[in-house]
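What follows is calculated from the coordinates using simple rules that are stated; it is not laboratory data. None of these values were measured; they are calculated from a predicted model. Neighbour counts are summed over all protein chains in view; Cβ atoms, including those assigned to glycine, are modelled from backbone coordinates with ideal geometry.
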Amino acid sequence: MTLLERIKRERLPEHVALIMDGNGRWAVARGLPRTAGHRAGADAAERIVRFAGDRIGLRHLTLFAFSSENWTRPRTEVDFLMDLLQQFIEDQGAEFVEAGIRLRVAGDVDALPQPLQETVRRVVRETAAGDAMHVTVALNYGGRQDLVRACVRIAEDAAAGHLAPSAIDADAVAARLQTAGIPDPDLVIRTSGEMRLSNFLLWQSAYAELYFTETLWPDFAPADLVRAIDAYQRRDRRYGGMRGEDA
């Protein structure tokens with residue numbers, strides 16, 4: 001039995017989120033510029049999206065493409081990443097429409113370069129009817145910023161009389177996050193050996209299973225995704241409760 005065959009279809013995670021880390025180290029280890037690592041990382045993302053939909057049948061996949069903290073990188077690298085992200089979203093747009101994949105973006109799109117903003121909004125609009133798989137790109141995204149934005153919206157709604165203080169609960173917060181309408185991730189995967197969330201989906205990942213691998217993102221292959229899902233399916237998710245035999 002192959003590893004792919006071992007995956008239990010009835011126990012697939014509904015939502016897998018990926019922290020795609022290690023592009024720069026991948027390039028440096030090969031004596032290449034960091035930009036080469038980012039380009040290889042984009043190729044890896046394309047492979048994983050296609051495999052996750054065609055071979056595994058995942059419903060929701062989120063890719064952490066650019067964080068709100070990544071602006072501190074050298075200007076030349078940031079400019080390259082903006083151009084690469086625009087090319088990636090542009091290239092994937094037609095394929096997503098054909099495959100019935102819906103693209104969503106979480107993050108502050110208004111702060112992105114104008115051409116990237118326009119591409120993002122156009123592809124999001126063109127793929128809005130897709131329901132085979134939902135791909136969310138976290139772009140200029142930060143988990144703390146997402147929570148602050150939700151709190152501001154709650155305060156505004158309460159001040160306007162649209163939301164009673166007694167009605168403010170977890171659902172009220174979730175409804176005002178940039179991932180509203182998307183199920184929380186069941187599985188968060190981080191590559192490159194780092195073991196932290198790095199401000200990614202902080203609220204949404206409260207009960208996610210975390211999976212860390214030493215593999216650098218450009219080397220992350222479909223088989224690595226299958227291994228992560230296999231490991232997820234072997235875990236006992238109790239959400240703070242107890243197993244039946246321990247209750």
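Have a look at A65, H15, V226 and report the one farthest towards the positive end of the charge dipole of the chain, computed about the Cα centre with Cβ charges (Lys/Arg +1, Asp/Glu -1).
V226
With a 10 Å Cβ neighbour count serving as the proxy for reagent exposure, in which order, fewest first, do M195, M133, M20, M82 appear?
On the way: M195 8, M133 20, M20 23, M82 17.
Starting with the residue having the fewest Cβ neighbours, the order is M195, M82, M133, M20.
So, in Å, what gap is there between the alpha-carbon centers of the stretch 32-62 and the stretch 116-134?
So the two Cα centres are separated by 17 Å.
Between R102, R59, R34, where does the largest GNM mean-square fluctuation fall for the chain, given springs only between Cα atoms within less than 10 Å?
Among R102, R59, R34, the largest GNM mean-square fluctuation belongs to R34.
Can you give the net charge of the other residues whose Cβ lies under 13 Å from the Cβ of R30, counting K and R as +1 and D and E as -1?
Values: positive: R25, R34, R39; negative: D219.
Result for the neighbourhood of R30: +2.
Between Q87 and V173, how high is the FRET efficiency from 1/(1 + (r/R0)^6) when r is the Cβ-Cβ distance and R₀ = 45 Å? Nearest 0.05. Kindly include the intermediate steps, with their values, before the conclusion.
On the way: r = 35 Å, r/R0 = 0.78.
Calculated transfer efficiency: 0.80.
Which residue, A158, A128, A40, has the most motion in a Gaussian network model of the chain that connects Cα atoms within less than 10 Å?
A158
Treating only the Cβ of Lys, Arg, Asp and Glu as charged (+1, +1, -1, -1), what charge dipole size does the stretch 145-247 show about its Cα centre? Round to the nearest 20 debye. Intermediate results must be reported in sequence, preceding the final value.
Numbers: 11 positive and 16 negative charges, 16 e Å.
Taking the Cα centre of the stretch 145-247 as origin, the dipole is about 80 debye.
Could you size up the charge dipole of the chain around its Cα centre, putting +1 on the beta carbon of Lys and Arg and -1 on that of Asp and Glu, and report it in debye to the nearest 20? Could you put the intermediate results ahead of the total?
Details: 31 positive and 36 negative charges, 78 e Å.
Magnitude of the dipole: close to 380 debye.
So what is the calculated 222 nm ellipticity per residue for the chain, using -39500 (n - 2.57) for each DSSP H run with n of 4 or more, over all residues, to the nearest 500 deg cm²/dmol? Walk me through the intermediate numbers first.
Values: 8 runs with 101 residues, N = 247.
Helices in the chain give a 222 nm mean residue ellipticity of -13000 deg cm²/dmol.
Compute a Gaussian network model of the chain, connecting alpha carbons closer than 10 Å, and tell me which residue from P183, P165, P113 fluctuates the most.
Of the options given, P165 has the highest mean-square fluctuation.
Any idea which of P113, V137, A150 is furthest toward the positive side of the dipole for the stretch 99-153, if Lys and Arg beta-carbons carry +1 and Asp and Glu beta-carbons -1?
A150
For S198, list long-range residues whose amide hydrogen, built 1.01 Å from N in the peptide plane, is under 5 Å from its own amide hydrogen.
So S198 has HN proximity to no qualifying residue.
Rank G193, A159, V173 by how far each Cα sits towards the positive end of the charge dipole of the stretch 158-221 (+1 on Lys, Arg Cβ; -1 on Asp, Glu Cβ) and give me just the farthest.
It is A159, whose Cα lies furthest towards the positive end.
Give me S67, S166, S198 sorted ascending by neighbouring Cβ count inside 10 Å, so fewest comes first. It would help to have the intermediate numbers written out before the result.
Values: S67 20, S166 6, S198 14.
So the ranking, lowest neighbour count to highest, is S166, S198, S67.
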